[in-house]
1. Anything in the chain that counts as a DSSP H helix reaching 20 Å or more along its axis (C-alpha) with Kyte-Doolittle mean of at least 0.0? List them, would you?
2. When all protein chains stay in place, what accessible area (Å², nearest 10, 1.4 Å probe) is found for Arg542?
3. Considering only DSSP beta bridges whose two residues both sit in region 182-279, what percent are antiparallel, to the nearest 5?
4. Counting only the backbone N, which residues of region 427-461 are under 19 Å from the spot 7 Å out from the Cα of Arg556 toward its beta-carbon?
5. Using a/c under 1.5 as the rounded threshold, could you call region 336-434 rounded, prolate or oblate? The axes a ≥ b ≥ c are square roots of the C-alpha gyration tensor eigenvalues, and prolate needs a/b larger than b/c, oblate otherwise.
6. Could you tally the net charge around Val368, taking each other residue with its Cβ under 12 Å from the Cβ of Val368, Lys/Arg +1 and Asp/Glu -1?
7. Over the chain, what number does the Rg to Rh ratio reach, with both radii from the alpha-carbon atoms and Rh per Kirkwood?
8. Pop the C-beta distance of Glu164 and Glu407 into the FRET formula with R0 = 41 Å and round what comes out to the nearest 0.05.
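The values are calculated or read from the model by the stated rules, or taken from the named source; none is laboratory data. Bear in mind that the values here come from a model prediction, so they are computed numbers and not experimental data. Neighbour counts run over all protein chains shown; Cβ positions are idealised from the backbone, glycine included. When the accessible area is computed, the model is the full protein with side chains, heavy atoms only, and any ligands, DNA or RNA have been set aside. Shrake-Rupley method; radii C 1.70, N 1.55, O 1.52, S 1.80 Å.
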Amino acid sequence: MVPPTEAQSRTERRAPARKGKTRGEGQWALGYREPLNANERSKKDDNPLNVRHRIETIYAHGGFDSIDPADLRGRFRWWGLYTQRAAGIPGARTGTIEPEELDASYFMLRVRVDGGAMTTEQLRVVGEISQTYARDTADITDRQNVQLHWIRVEDMPTIWEKLESVGLYTTEACGDCPRVLLGSPVAGVAADEIIDATPAIKEITERYIGDRSLSNLPRKFKTAISGSPRWDTVPEINDISLVGVEHPEHGPGFDLWVGGGLSTNPKLAVRLGAWVPIEEAAEVWHAVTSLFRDYGYRRLRHRARLKFLVDDWGAEKTRQVIEDEYLGRKLLDGPKPETPSGHRDHLGVNPQVDGNFYVGVKSQAGRVSGSTLVEVAKAAERVGSARVRTTVEQNLLVLDVPQQQVEGLVADLAGLGLHSTPTPWRRNVMACTGIEFCKLAIVETKQRAIDLINDLERRLDDVQGDVKDPVTINLNGCPNACARTQTADIGLKGQMVRDDEGNQVEGFQVHLGGGLGLDAGFGRKIRGHKVTSTDLGDYVERLVRNYLAQREQDERFA
Ligand code: SF4
């Protein structure tokens, strides 16, 4: 761990401040230490991790109105707390809910689930917290977290106590810091695994999450570490990815990628051509994160992701700076991992290396509930399992199921609305939080996605068997692309559009042909393809039927 004072003095030694010159990009390593925007100022004024103490000692007693606005709008995020949208609450527009519900004094709470790994006890505790403090809400996110809504600041000390008593945390679940570490949900149990990345995720989480030397990064920093050959942590679009690969001389380890990300300037991660053994994964992760802290652009928020620096520097210089300034040694060259094809979602009943099975089930666009999570934990424990996993497709897995118990568990989970063999439409639709709770949203997404799934199952029932490759549909409530607009076959970006009568109504700009793996590339915004929310079923049906009618043999939708 690098203490903040040491980290700061190192970057200042490297290059003195350039007084009187251009403000540059606000890179600390080049001497630009003076905050150049309000976000940077807020982080400099007080380390955001300090806000936990104020929540416990002041705000939890004084209530919402006692919260300092700088904490509320900024530093709360470092502990997983976002204020919840008020105006978008269903019913707010139609007047069907009580006026007192319209205030914005509630929070969304993100519980980080590093590697997507939970015990059934942890899952049950999250579910019970939801039942008691979050009006039974729960969403599985496409970054393997669990999000709860309707949280009151008064309840946070108790919620943290309950979470931390079972080893779960909200530390740096949001904010300009290292977010949850994505990991293969089948780490350690999959027969085709190249390497089990669990020890690397554990070491990084224990050493660096909550480390104050890394709690003021230019912006969020996303990590994916997986030894699965299926690339089941979307490594193409993370700031740093360690991707399992077999080195011809040194054996299994990881290929190092940096600079991926979506939002308004999407970029695919770049291979640095370096091979990292698992014993060095934490050290290399720390080096790349520190490089982002020191050299990342801080002047403009929309350029403050690592992808812009990597784009400007290129792979060669990025690797050289990591080696020369952070590791003090050369990295080993390594081979490129083989690009996977097909599903990465681990759904269905699958054998484990130990003779047991894992069962992967689909949520409806990530929407579950606290009660559902409690029931999943109970169902898993009834068949002798103590381990569950979340996935980047908003799915749930139950591990360690004995063969004779598989059928019963599959039926129990189906009874909870969680299906192991979903239709292609149920399987491949994802949605972000949307206008129900997200303050940035322009349109409704979750319920829209659930309605769309049911609609497509009716409309396209006759061609289900013809859809061999996944046709993914991702609904996003705004341009921020939290549900990966640009990497879906049909990416939907929420915005207001005109209906046939010229009225402004909720709808989507369509992006077509995005994909990961073999088809890695971003969907193209199709000019003129804007669809109202109510016409979505019609639109997707037309697209899919045209594709099926016109495709050449084995032609994929992308
Ligand atoms: Fe909110 Fe936009 Fe992200 Fe959806 S894509 S969760 S609406 S910020």
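1. On the way: long enough: 281-295 (21 Å, 0.13); 536-550 (21 Å, -0.29).
Span-like helices here: 281-295.
2. We get 140 Å² for Arg542.
3. Numbers: 13 of 19 bridges.
Percent antiparallel among DSSP bridges in region 182-279 is about 70.
4. 427-430
5. Since a/c reaches 1.5 but b/c is at least a/b, the shape of region 336-434 is classed as oblate.
6. 0
7. For the chain, the value is 0.95.
8. About 0.65, to the nearest 0.05.
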